[in-house]
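These notes are about the structure you will find just below.
Read-outs: derived from the displayed coordinates by stated rules, not from any lab. What you are looking at is a predicted structure, and each value in this text was computed from that prediction instead of being measured. Because the Cβ atoms are built from the backbone with ideal geometry, glycine has one as well, and the counts that use them run over all protein chains shown.
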Amino acid sequence: MNEQSQPSFAICIANEGCDDLQILKVYQLLPDKQAAEENYVRVVDDSGEDYLYPANRFVKTQFFEAVRKQLQAAMSSAA
């Protein structure tokens with residue numbers, strides 16, 4: 001699996017006005033090149049749907065492959 005097809009994750013650091021985000025929670029990011037160009041990220045939030053949020057509400061993070069797989073499995077089963 002190449003780097004672009006691996007799921008990416010971010011930690012929420014700000015949630016003012018966003019009831020579907022929790023500070024310090026890990027969220028899965030979905031690729032959205034157009035959103036990134038406008039300084040937004042597409043996030044699967046606590047509603048279970050994906051939405052655009054300002055990128056400055058998140059810090060992108062990388063995990064070891066084993067952790068990334070477990071996170072993705074946990075998020076898939078929670079949906």
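Gain in length, residue 71 to residue 24, computed as 0.36 nm per residue apart minus the alpha-carbon separation, to one decimal in nm?
Separation in residues times 0.36 nm, less the Cα-Cα distance, equals 15.4 nm.
Quick check: the distance between the Cα centres of segment 35-75 and segment 8-32, to the nearest angstrom?
Result: 6 Å between the Cα centres.
All other residues with a Cβ under 15 Å from the Cβ of residue 23 taken together, and with Lys, Arg as +1 and Asp, Glu as -1, what is their net charge?
Around residue 23, the charge tally is -3.
With N residues in segment 1-77, what two-decimal value do you get for its Cα radius of gyration over 2.2 N^0.38 Å?
Computed over Cα atoms of segment 1-77, the ratio equals 1.05.
Return the calculated 222 nm mean residue ellipticity for the chain, to the nearest 500 deg cm²/dmol, obtained by summing -39500 (n - 2.57) across DSSP H runs with n ≥ 4 and dividing by the residue count.
For the chain, the value works out to -7000 deg cm²/dmol.
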